[in-house]
Amino acid sequence: MPELPEVVVTLRGVLPHIKGKRVADVVVRNSRLRWPVPESLSELLAGKVLVDGRQRAKYMLFRFDHGHLMIHLGMSGNLRIVQKGVAPATHDHVDIVFEGGVVLRFTDPRRFGSVLWLEGEPEQHRLLQHLGPEPFEESINGNYLYELSRGKTTSIKQFLMDNQVVVGVGNIYANESLFLSGIRPKKAAGRVSRKSYELLSGNVKTVLGRAIEQGGTTLKDFAGNEGKPGYFKQQLYVYGRGGEPCLNCQSLLKEIRLGQRSTVYCPSCQK
Ligand SMILES: [Zn+2]
């Protein structure tokens, strides 16, 4: 599943090819995504210039003068640049064709992704208005997490993955940053110390930042016609390693389910 780093890297990969360009046409081959692709998308975008793009949580927001095209990759989506005339494959559902023949192509086998049009301020949209801050914001620090978690009996891992607390900390990154911070995933969020939260907020940024950096090097080819941008393979300490030795102390890593998500930790390193 594409996580925040994939979204950041995808946006960085595609934006230089389309920023400042005028839309010539929109081709919707299948509008039945998580929410229907608006029927009027072609009329809305044809002749308009894509001014800029940014990411908010796992949404990509492409700005036009009269609104935003909002794309979410869902469970299996990807976005890439192809040249006009490259034949679409089965799951290539939407093409935004720009003047000059550059095409932004949205592919999504499982169709949990979305392509929506937003008028007005994106932050007010129902999908965005309740989201917490971005993980790289300065406001995400030990004090913020500590204060917000007082009295909370939910596990620290679920607290960290709550989009209203901070966006973009997916399962892999929650597992990894808790390991690096020496915090046991099922510990109640309200019982984690201020000092541990300071460590944790730093490690969340480190782990996500490293994934973005690695993605930037492994996913150079957003404009290639062959293949699709894959998802990142990274060096992971605990995620996917249940039953294997801890890379720090050699104890066997434990795997449990927490909020239906696979959770792996070291019983010696994480308290
Ligand atoms: Zn260990």
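The values are calculated or read from the model by the stated rules, or taken from the named source; none is laboratory data. All of these numbers come straight from a predicted model, not from anything done at the bench. Neighbour counts run over all protein chains shown; Cβ positions are idealised from the backbone, glycine included. SASA here: full protein model, heavy atoms, side chains in, ligands and nucleic acids out. Shrake-Rupley method; radii C 1.70, N 1.55, O 1.52, S 1.80 Å.
A few comments on the model shown:
- Close Lys pairs in segment 47-189, defined as Cα atoms under 16 Å apart and 8 or more places apart or on different chains, number 4.
- Percentage relative contact order, the chain, counting C-alpha pairs under 8 Å, at least six apart: 18
- Between helix 171-181 and the chain: long-axis angle, C-alpha atoms, 0 to 90°, nearest 10: 40
- Qualifying trypsin sites (Lys or Arg not before Pro) in segment 145-201, where qualification requires a DSSP coil assignment and no more than 11 other C-beta atoms within 10 Å, comprise R150.
- Averaging 1/r over every pair of different alpha carbons in the chain and inverting the result gives a Kirkwood radius of 19.9 Å.
- Degrees, to the nearest 10: 4-18 long Cα axis against longest axis of the chain: 20
- Note on the chain: with neighbouring protein chains present and a 1.4 Å probe, carbon and sulfur make up 48 percent of its accessible heavy-atom surface.
- Listed residue (A188, Y144, V165) projecting farthest to the positive dipole end of the chain, Cβ model: A188
- Protein heavy-atom accessible surface, 1.4 Å probe, per residue over the chain: 47 Å².
- Only aspartates and glutamates eight or more places from K21 in sequence, or on another chain, were considered; those with a Cα closer than 19 Å are E43, D52, D65, D95, E99.
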